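Participant: Have a look at the structure that comes next, please.
The values are calculated or read from the model by the stated rules, or taken from the named source; none is laboratory data. On a predicted model such as this, the values are computed, not experimentally measured, just so you know. Cβ placement follows ideal geometry from the backbone for every residue including glycine, while neighbour counts extend to all protein chains displayed. Surface areas here come from the heavy atoms of the whole protein model, side chains and all, with no ligands, DNA or RNA. Shrake-Rupley method; radii C 1.70, N 1.55, O 1.52, S 1.80 Å.
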Amino acid sequence: MRIGIFLPSLHGGGAEKSSVELANAFCKRGHDITIVTAVSGGSLRSQVLNGVKLAELGASRVVFSIRRLCSFLRNAELDVLITVMTHCNIA
């Protein structure tokens, strides 16, 4: 299964850390995982397994990433997109 997880960034925080752990667990079970972040970089990047893809949209905030997220989703052919945090859910 192709699964995407949309986060504001990989800059610390409980939701971000839990999402990285979830992505790593899905990857270990053989799923094709992509973590999609609105903002590039972050301290949690080092905790992402090599098999997990990263797609950084390069926006300064989630609200400014919506067009880039739509474009990514058109091309990614994901089976499911998991979002965390209210502003990501709204986007």
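Participant: Which condition does ALA59 not pass, out of (1) modelled with pLDDT of 90 or more; (2) within 12 Å of GLY4 (Cβ to Cβ), if it passes all the others?
Facilitator: Every listed condition holds for ALA59 apart from (2).
Participant: In region 48-60, what residues are of a type outside the set (A, V, I, L, M) and farther than 19 Å from CYS88 by Cβ?
Facilitator: Selection gives ASN50, GLY51.
Participant: From the residues in region 25-43 that are open to solvent by 10 Å² or more (accessible area, probe 1.4 Å), in contact (Cβ under 8 Å) with a residue 24 or more places away in the chain and part of a loop (DSSP other than H, G, I, E, B), which one is farthest from PHE6 (Cα to Cα)?
Facilitator: Per the criteria, the residue is HIS31.
Participant: Name every residue in region 80-89 that is modelled with pLDDT of 85 or more and open to solvent by 90 Å² or more (accessible area, probe 1.4 Å), in order of residue number.
Facilitator: Selection gives nothing.
Participant: Of everything in region 14-24 that's touching a residue at least 40 places away in the same chain (Cβ under 8 Å) and among the polar types (S, T, N, Q), which residue is nearest to GLY51 (Cα to Cα)?
Facilitator: Checking each candidate, the answer is SER19.
Participant: Moving to a separate point now. Return the total of residues in region 12-24 being farther than 17 Å from PHE72 by Cβ, open to solvent by less than 50 Å² (accessible area, probe 1.4 Å) and among the polar types (S, T, N, Q).
Facilitator: 1
Participant: Taking only pairs six or more apart or across chains, which ones have beta-carbon atoms under 8 Å, a first residue in region 55-77 that is over 13 Å from THR34 (Cα atoms), and a second residue that is part of a helix (DSSP H, G or I) and of a type outside the set (S, T, N, Q)?
Facilitator: These pairs meet every condition: GLY58/ARG68; ALA59/ARG68; VAL62/HIS87; VAL62/CYS88; VAL63/HIS87.
Participant: Check off (1) crowded, with 18+ Cβ neighbours inside 10 Å; (2) not in a loop (DSSP other than H, G, I, E, B) for ALA59 and give me the number that stays unchecked.
Facilitator: Unmet for ALA59, out of (1) crowded, with 18+ Cβ neighbours inside 10 Å; (2) not in a loop (DSSP other than H, G, I, E, B): (2).
Participant: If a residue has to be in a loop (DSSP other than H, G, I, E, B) and not β-branched (Val, Ile, Thr) to count, how many in region 68-91 make the cut?
Facilitator: 5
This table checks each residue for (1) modelled with pLDDT of 95 or more; (2) over 18 Å from CYS88 (Cα atoms).
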site	(1), (2)
GLY4	yes, no
ALA15	no, no
CYS27	yes, yes
VAL39	no, no
GLY42	no, no
SER46	no, yes
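Participant: Another one. From SER71, SER9, SER46, grab the single residue that is out of contact with any Cys (no Cβ under 9 Å at 6 or more places or on another chain) and open to solvent by 60 Å² or more (accessible area, probe 1.4 Å).
Facilitator: SER46
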